[in-house]
Amino acid sequence: MTYNLLIRRGRVIDPASGRDEELDLLIQGDKISGMAKSIPEPEGAEIVDAAGKIVLPGLIDMHVHLREPGFGHKEDIDSGTKAAAAGGFTAVACMPNTEPAMDNDSVVYSVLRRASEKGHVRVYPVGAVTKGRAGKELAEMGEMLKAGAVAFSDDGSAVSTSHLMRCALEYLTAFGAPVIEHPEDKSLSEGGQMNLGLNSTIAGFRGIPREAEEIIVARDIALAGLTGGKLHLTHVSTAGSLELVRRAKARGLRVTCDVTPHHLLLTDDMVLESGYDTNTKVNPPLRSKEDVEAMKQGLIDGTIDAIATDHAPHHVDDKWVEYDYAEPGISGLETAVGLILDKLVRPGLISWSRMAEAMSLAPAKILGVPGGVLNEGAVADITIVDPEREFSVNTRDFKSKGKNTPFQGWRLTGMPWMTIVGGKIIMRNGTIVS
């Protein structure tokens with residue numbers, strides 16, 4: 001029997017089993033083959049001393065933009081998955097707003113082929129709900145599922161009509177795949193630059209009301225109830241949206257949601273405080289203090305299922321313009337773990353287990369993909385975190401092509417130390433080794 005890797009003396013956190021103890025993990029091939037207080041050192045195995053480190057099931061980001069095909073100047077599968085590995089993620093789900101849109105099996109196959117050639121972590125394609133993401137007719141979702149898509153979204157836009165959303169939810173019930181909805185009524189948000197409120201008035205910007213999100217959340221929850229479909233609401237940002245999700249769950253509907261680190265930590269005050277830094281422009285926009293507190297509470301009480309970055313890398317030319325003309329989005333893969341650890345775990349707002357649940361177990365369950373657990377026989381996708389390592393966010397160190405972040409210069413404690421995918425070390429102490 002040939003052993004590949006022995007992780008020694010790490011604090012193993014597994015939310016699925018409730019495990020939280022110091023253990024050795026033995027990896028053979030691409031599977032975890034042993035877990036015990038002390039495992040004898042196998043001949044020829046690589047030894048990883050994880051003393052003082054936190055060993056988590058591999059983190060899964062269920063909402064990223066790898067920009068390929070069509071926008072390789074912003075990001076590609078090589079650079080995006082390097083950024084994921086550097087950020088501690090063992091898998092990412094990539095959105096379909098590419099050019100051409102990922103609305104057929106050929107594009108799904110192409111992305112998976114590129115991921116097999118250039119990818120450093122697992123890549124799960126999310127297909128478009130409608131052809132060309134144009135909101136007029138359903139795409140061939142069955143063919144995309146066969147090709148390897150795991151979910152469907154018209155991300156960047158909500159599914160355009162109630163009829164199309166109903167049809168999508170009904171169709172996908174046979175496959176158990178979710179619709180990942182970007183909840184935004186563009187008739188209310190069109191031309192908006194930031195959250196509607198006092199700050200937008202001071203700035204002189206057209207505001208985006210909370211209702212632009214909440215109307216679509218309410219519509220889609222009603223349709224999930226009608227169809228029994230699996231609905232996932234991505235990057236929820238308002239207290240009203242969260243209350244609608246809370247009620248849907250109480251009714252037993254198949255509704256889940258995620259939140260981004262920036263909607264957990266930043267308010268619309270930052271737009272003014274930063275001097276209108278275009279890196280604060282996101283979609284949905286940064287919201288009020290009350291909304292941010294609601295997001296934190298929703299994460300604590302479990303109303304929010306997952307944390308996803310909505311990693312949206314842009315070329316400098318897309319951000320180095322007036323606020324009105326800047327593209328929305330934050331390059332988030334390489335800052336997410338540090339932000340969650342420093343601002344939520346260390347202060348005791350959430351536990352290590354809750355973090356692992358929101359960033360690994362829940363995304364795996366929602367997408368129906370392997371991972372999210374640490375036990376014998378499980379796939380050896382593992383994230384090891386150094387909880388005491390201090391660092392400053394510096395975009396010059398980013399593996400992503402996108403340097404657009406409002407967190408530049410933030411001092412954080414706690415960062416990914418090692419990323420293991422299928423039993424292979426991909427990132428070690430910030431360096432990509434695959």
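For this structure, a couple of remarks:
- Members of region 240-257 that are among the small types (G, A, S) and in a helix (DSSP H, G or I): G240, S241, A248, A250
- Summed over region 305-353, residues that are at negative phi, over 14 Å from the mean Cα position of the chain (by Cα) and part of a loop (DSSP other than H, G, I, E, B) total 13.
- Test: residue in region 316-334 that is among the β-branched types (V, I, T), touching a strand residue (DSSP E or B) at 6+ places or on another chain (Cβ under 7 Å) and in the same structural domain as S153 (by TED's automatic domain parsing): no
- The residues of region 294-338 that are hydroxyl-bearing (S, T, Y) and under 21 Å from A239 (Cβ atoms) amount to a single one, T303.
- The residue that is farthest from the chain's Cα centre (by Cα), counting only those in region 239-282 that are under 18 Å from W320 (Cα atoms) and aliphatic (A, V, I, L, M), is L272.
- Conditions (1) among the small types (G, A, S); (2) more than 22 Å from T309 (Cβ to Cβ); (3) crowded, with 20+ Cβ neighbours inside 10 Å: number failed by G252: (3)
- Some residue of region 396-408 being surrounded by fewer than 22 Cβ atoms within 10 Å (Cβ to Cβ), modelled with pLDDT of 95 or more and not in a loop (DSSP other than H, G, I, E, B): yes
- The single condition among (1) part of a helix (DSSP H, G or I); (2) under 23 Å from the mean Cα position of the chain (by Cα) that I180 does not meet is (1).
- Hits in region 350-380 - residues which are more than 22 Å from T234 (Cβ to Cβ) and touching a residue at least 40 places away in the same chain (Cβ under 8 Å): W352, S353, V373, L374, N375, E376, G377, A378, V379, A380
- Subset of region 91-125 [hydroxyl-bearing (S, T, Y) and either modelled with pLDDT under 95 or under 16 Å from D310 (Cα atoms) (or both)]: T98, Y124
- Only a single criterion out of (1) surrounded by 19 or more Cβ atoms within 10 Å (Cβ to Cβ); (2) over 18 Å from A212 (Cβ atoms); (3) touching a residue at least 60 places away in the same chain (Cβ under 8 Å) is not satisfied by M270, namely (1).
Per-residue answers, yes or no, for (1) part of a strand (DSSP E or B); (2) outside the structural domain of D155 (by TED's automatic domain parsing):
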| residue | (1), (2) |
| --- | --- |
| R11 | yes, yes |
| A16 | no, yes |
| E21 | yes, yes |
| L26 | yes, yes |
| I32 | yes, yes |
| A51 | no, yes |
| D61 | yes, no |
| R67 | no, no |
| F71 | no, no |
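- Within region 409-434, no residue satisfies the criterion of being under 16 Å from S116 (Cα atoms), in a strand (DSSP E or B) and of a type in the set (S, T, N, Q).
- Scanning region 79-125 for residues that are under 26 Å from R389 (Cβ atoms) and charged (D, E, K, R) turns up K82, R122.
- Any hit, region 222-229, residues being part of a helix (DSSP H, G or I), without any contact (Cβ under 8 Å) to a residue 40 or more places away in the chain and surrounded by fewer than 22 Cβ atoms within 10 Å (Cβ to Cβ): yes
- Here region 409-426 is the region considered, the condition is being farther than 19 Å from L339 by Cα and among the hydrophobic types (A, V, I, L, M, F, W, C), and the residue that is surrounded by the fewest Cβ atoms within 10 Å (Cβ to Cβ) is I425.
Every residue, every condition in (1) at positive phi; (2) crowded, with 18+ Cβ neighbours inside 10 Å; (3) in contact (Cβ under 8 Å) with a residue 40 or more places away in the chain; (4) out of contact with any helix residue (DSSP H, G or I) (no Cβ under 6 Å at 6 or more places or on another chain), yes or no:
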position	(1), (2), (3), (4)
P15	no, yes, yes, no
L23	no, yes, no, yes
A36	no, no, no, yes
L56	no, yes, yes, no
E68	no, yes, yes, no
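- Scanning region 77-121 for residues that are surrounded by fewer than 24 Cβ atoms within 10 Å (Cβ to Cβ) and closer than 15 Å to H63 by Cβ, we see that the one that is nearest to the chain's Cα centre (by Cα) is N97.
The values are calculated or read from the model by the stated rules, or taken from the named source; none is laboratory data. Because the structure is predicted, anything quoted here is derived from the model rather than measured. A quick note on method: Cβ atoms are made from the backbone with ideal geometry, for glycine too, and the neighbour counts reach across all protein chains shown.
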